[in-house]
Each structure stands twice: as C-alpha cells, then as structure tokens.
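Everything on this sheet refers to the single structure shown next.
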Amino acid sequence: MEKDTYTRFVIPVVIVLVAVISIIILGGLASENPDGFEWALFDFAGVTEPESGFPGLFSFLGEGPLVDVLTGAVGIVIVLFIGLLIFKATSRKE
Amino acid sequence: MHVPDGIIPLWLLLLLYAVSGLFLAFSIRRINNRFDDRLVPYMGVLAAVIFAAQLVNFPVPPFSSGHLVGSTLLAVMVGPFAGIVIMALVLFVQALYADGGLLSYGLNLFNMGVFSCFFGWGISLLLFKGMRKAMDEKRAVVIGTSIAAFITTVTAAFVLGLELLSVSGFNELALAAITGVHLVIGVGEAILTSVILLYFVRAKPKLISFLKDSDVHEIAEVIETDWTTPHEETKIIK
C-alpha cells in the first residue's frame, strides 16, 4: 500500500515539480529583480549589502540557469527525503 | 524575505534563534504520534512542494520580485505545528544553499514559520468559519486561505520591517516601503496558495485539516476548544 503511494503519488509529483521549475528557470520566466526585502533594504533604504559569508553548498558549480535547475532538483529531493525521515519518525505506526 | 547574515544585530538573531528553537521543539513534540504513518509520503511531498515553489521568483513590476512563502497554506493543511516543522526543514536546506543566512536561520524561521504559521492559521480559521455559512466548505477553505495568505504576507513583512529598524539606515519610511511592496507580493502569494490548495482539495482533501473528512485533525489541533476546531462534530475525544 505504502509502496503504491510512492509510485503513484510521490514520484510523479517530484517529476512534475522538477519539470515546472526547469521550464520556469530555463524559459527565463523567473524574475531576476531583488525580492521585496532586498529592494526595501538595499535599494530603497540604501543599506550596504554585506559581503556574503557562507557561499552555499553548491557554490563551486558557479552560476547560471542550468546550475539553478540542477541544484533546485537536488534540493527538492533532499527536502523530500529528510521530510520523509522526520515524519516517519514522528508518525503513529498502525 | 530570506535575511542573510551580517545585517541584523547579533543579539536579535540569538534571541529569535532561542524563540524559534523552543517553538520548533514544542511543535515536534506536539505532532509526535498524532498522525497515521500512511500520511508520511504526503507530508514529505508537501515539504518538497514548498521548497520548489520558493525556488522561483515572480516579477513585481517594475523593480522587485517575490516568491511563495507557503506558511498559511501549510498551517491550514496540516496545522501550525506541522507547518512550523516543514518550514524549519525548508529554510534549513535553503540556508545551506546560502538563501538566508545560517546565523539568521532563527529569525527567518520566526518570520516565515512560527509567526506566519500561527497568524495565517488564525486568520484562515476566522475566515473559513465565516464563509462556510455562505458556501460549501471546499470553496470556503480555498477562498479563506488565499485571503489569509495575503494578509499574512503583508503582516510578516511588517514584522520583518520592525526587526530591520534595528539596522542603521532603515527607518520608518523603509518600513512603509517593505510593507507596501508586499501588498503586491501578497497577491502573488494568494494566487499561488489558491492554485496549490485547489490541487490538494481535488487530489487529496483528507490532507486539509479544515475539511470535515480530513485525516489530519489530530495533528492540526491547537487547543481543545470549540473555537479552534473547524468542525466541532469531528473533535477528537480523548
């Protein structure tokens, strides 16, 4: 039953999520503008942007849409996997 | 809304680390053993959906952009406690991607997790209970949650603005600016919330705590009063 849920629901949803973010990022549909917080703080208030400290796990891959899609897909799988572990550990066994 | 390191004073970061840590520990304890293990795959998928949705920014013409936060959506679906756990996971992985600082993790979890989950859940519940009298519950949950997502986004931005007043150069005018730009971002949040919620209403309504036949009432229960139970008749008797 549980295996069925993974093949019928979890895997298709993950594939759809990766496909959608790939289309949005590679299609140039995602905005490159600063988000509301960054705009208000750095552009509007004129606060100096700090030198970034921790560059991120995948910073060695560089930047670009393909890297964003790849790291995004890896992130989706990591979040799914850790989420499954956390909720498996906290669920009530039937 | 992901604050990087090096902006907010350390004392405030440490304070909100402590507050968020306490809420996270309480939330994990609160959901423990309160849901069937058959729901585990769906909870994992919810976390993945929120992470994916936060990856891409939609434009806010002419100068800014925004992305889904998803706290209100999560709180309505699986309750504020499970919502906080999911947001903690998503924000932690994002911090490892340098989207939001590691030192600022507690502050980001407070704004987008603790505050937004409880505030969004409360507003959604009020709207849902009011709207349910005039329409069917599925429509009421989608419309009510979408409106609540808008209000929560703007309010969370205001809270972030209050925190930013501790930063030299960020004044009351900037507080108005960050709140104002989130009036537009909140519309995007409301639209994305309604789209994702519509999918779950059709594909997996049992995963929406506000609906009568939900499988997640127990995990979503906040306190045992009629006011916080969307459907009094389904209240769990212990």
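The values are calculated or read from the model by the stated rules, or taken from the named source; none is laboratory data. Nothing here was measured: the structure is a model prediction, and the numbers come from that model. Positions of Cβ are generated from backbone atoms using ideal geometry, with glycine treated the same way; all protein chains shown enter the neighbour counts. We work out accessible area using only protein heavy atoms, side chains counted, and drop any ligands, DNA or RNA first. Shrake-Rupley method; radii C 1.70, N 1.55, O 1.52, S 1.80 Å.
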| query | If you bin every alpha carbon distance in chain A into 5 Å steps from zero, what whole percent lands in each bin? | reply | 2, 10, 13, 16, 17, 15, 11, 8, 5, 3, 1, 0
| Relative to the present Cα-Cα distance, how much length would full extension add between B:D99 and B:L10 at 0.36 nm per residue of separation? | 30.2 nm
| query | Any idea what angle helix A:11-26 forms with the longest principal axis of chain A, computed on alpha-carbon atoms, 0 to 90 degrees, nearest 10? | reply | 20 degrees
| the stretch B:72-101 versus the stretch A:26-46: alpha-carbon centroid distance in Å | 22 Å
| Looking only at B:F115, B:F58, B:F81, which one moves most when chain B is put into a Gaussian network model with springs between Cα atoms under 10 Å? | B:F58
| Packing-based order for B:97-103, A:55-61, B:162-168, using average beta carbon neighbours within 10 Å, highest first | B:97-103, B:162-168, A:55-61
| query | Among A:E63, A:E32, A:E51, whose mean-square fluctuation peaks in a Gaussian network model of chain A (Cα, cutoff 10 Å)? | reply | A:E51
| query | Per-residue mean of other chain beta-carbon atoms within 10 angstrom of the beta-carbon, peptide B:134-145? | reply | 0
| task | Express the accessible area of the stretch A:32-94 per residue in Å², computed with a 1.4 Å probe while the remaining protein chains stay in the model. | result | 59 Å²
| For B:G66, which sequence-distant residues (separation of 5 or more, or a different chain) have an amide H within less than 5 Å of its own amide H, given hydrogens modelled in the peptide plane? | B:F58, B:V60
| Which of the pairs A:K3/B:K204; A:K88/B:K212; A:K3/B:K206; A:K93/B:K133; A:K93/B:K204 have their Cα atoms more than 28 Å apart in this structure? | A:K93/B:K133
| note | Between chains A and B, total accessible area buried, probe 1.4 Å, no ligands or nucleic acids, nearest 100 Å², roughly 4600 Å²
| request: Could you check how many percent of all C-alpha pairs in the protein assembly as shown are farther apart than 24 Å? | output: 53 percent
| Of all the accessible heavy-atom surface of chain B, with the other protein chains kept in place and a 1.4 Å probe, what percent is carbon and sulfur? | 68 percent
| field | Percentage relative contact order, chain B, counting C-alpha pairs under 8 Å, at least six apart | value | 25 percent
| task | Can you work out the accessible area per residue across the stretch B:10-228, with the rest of the protein chains kept in place, probe 1.4 Å, in square angstrom? | result | 36 Å²
| task | When you have a sec, figure out the Kirkwood radius of chain B from all distinct Cα pair distances and drop it here in Å to one decimal? | result | 18.0 Å
